[in-house]
Amino acid sequence: MTSLVLLALYCVGARALSLVEEMKTQELFLSSLGLPERAPSGSRQTRRPVPSALWRMFRRSENPQARESEPCTVSEYGVRGNIIRYVQDQGRLVSGWSSSCQLCLEKQLFFNMSVLQPVELLSLAQLEIKFHWKQVLQGHRAISVSLYKVVRATLRGTDPHANRRLLLVQSVQLQLESSTIAMDLTSLAESWRKPGHNYGLVLELLPLGAKLEELVPFYPGNLLPLEPTLSLPTIQASLVAVSLNPHQCRSRQRRSAVHLPVTPSNVCKARRLYIDFKDVGWQDWIIAPQGYMANYCHGECPFPLSESLNGTNHAILQTLVHSLDPQGTPQPSCVPIHLSPISMLYYDNNDNVVLRHYQDMVVNECGCR
């Protein structure tokens with residue numbers, strides 16, 4: 001049963017469903033969306049903001065030509081995929097300036113890759129780190145950024161660098177506006193999907209040319225440190241994970257529909273059905289769209305079948321036999337023969353922002369089968 005049918009059944013018949021039936025229907029639809037359960041409710045003001053890049057991709061996906069010409073392809077990154085997640089960092093800042101490097105600032109990075117379903121094929125995992133500086137250390141306009149992979153858990157009292165492998169060293173110019181670093185971590189993120197393999201990353205920042213007394217001045221005769229002259233940067237890290245669910249991605253050829261100006265109301269055709277996510281209480285975690293025109297097929301397939309009813313040879317013969325034996329042979333069914341996709345922008349159960357493309361969600365054309 002497709003996502004469209006499940007949602008339509010729920011929206012049309014919600015009032016007639018018992019509480020148990022309603023919960024089962026919601027579970028089925030959420031499962032088809034790749035959500036194991038309903039995303040937790042929360043105020044939009046308290047959730048993380050939607051990255052501007054995801055907004056651009058969502059608006060582009062609303063263009064029908066873009067959806068048809070490049071199905072299951074994320075052109076912005078040049079990879080196959082129908083799910084784009086901004087997996088947020090769950091790491092912590094390591095007590096200000098590092099003890100192992102007195103001039104360094106350390107930040108742990110951790111990305112939970114279990115949000116991907118086992119069926120999903122990871123196409124790209126790109127680390128994006130943004131630094132926001134409130135002020136710039138006078139005389140020092142660059143900072144060295146080192147990124148380490150943690151290969152095993154660090155025991156207390158041991159050298160933390162012994163359990164790290166260097167991935168990147170880069171110099172970043174300090175600016176009053178934000179600075180960004182991007183790095184491809186696809187192979188590493190793939191290994192993180194295995195249980196017990198994800199120990200995260202460590203980000204190490206070192207102001208180039210700075211002296212310890214410039215960063216951590218002391219009161220005369222006192223060992224209590226003051227605030228560093230260089231304000232601690234605000235570090236925002238995300239892992240952009242693009243994946244492909246092959247079960248929800250099938251190549252389709254565009255069809256040229258034949259539309260007649262007037263058709264009888266009881267004849268098979270597409271009827272209007274608008275799905276409003278507010279009606280099912282999902283407006284707090286589905287960001288966009290607020291709803292969509294799903295439509296449905298309804299009507300008879302009478303003999304003789306006209307060209308507008310898009311009947312197969314089998315359906316034409318079946319209508320003939322039905323006209324001769326209406327009790328023994330049913331009419332052909334009025335079913336969707338051409339559907340189009342939609343894109344949804346939402347928060348998942350871990351408060352990650354996800355852009356996902358779903359095929360076969362909008363009925364464009366009906367026929368007798």
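Between Trp55 and Lys130, the FRET efficiency estimated from the beta carbon spacing at R0 = 25 angstrom works out to 0.95.
Of Thr73, Thr186, the residue with the largest accessible area leads and the full order is Thr73, Thr186 (1.4 Å probe). The gain in end-to-end length when the Gln283 to Val321 segment is fully stretched comes to 8.8 nm, 0.36 nm per residue minus the alpha carbon separation. The 1.4 Å probe gives accessible areas that order Glu300, Glu120, largest first, as Glu300, Glu120. Model label points for Lys24 and Met293, set 7 angstrom from Cα along the Cα-to-Cβ axis, are 3.4 nm apart. Solvent-accessible surface (1.4 Å probe) assigned to Glu307 amounts to roughly 140 Å².
Each label was represented as a point 7 Å from its Cα along the Cα-to-Cβ direction; for Arg272 and Leu208 these points are 6.2 nm apart.
The values are calculated or read from the model by the stated rules, or taken from the named source; none is laboratory data. Note that the coordinates shown come from a computational prediction; the quantities given were computed from them, not determined experimentally. Glycine also receives a Cβ, built like all others from the backbone with ideal geometry; neighbour counts cover every protein chain displayed. These accessible areas exclude ligands, DNA and RNA; they are computed on the full protein's heavy atoms, side chains included. Shrake-Rupley method; radii C 1.70, N 1.55, O 1.52, S 1.80 Å.
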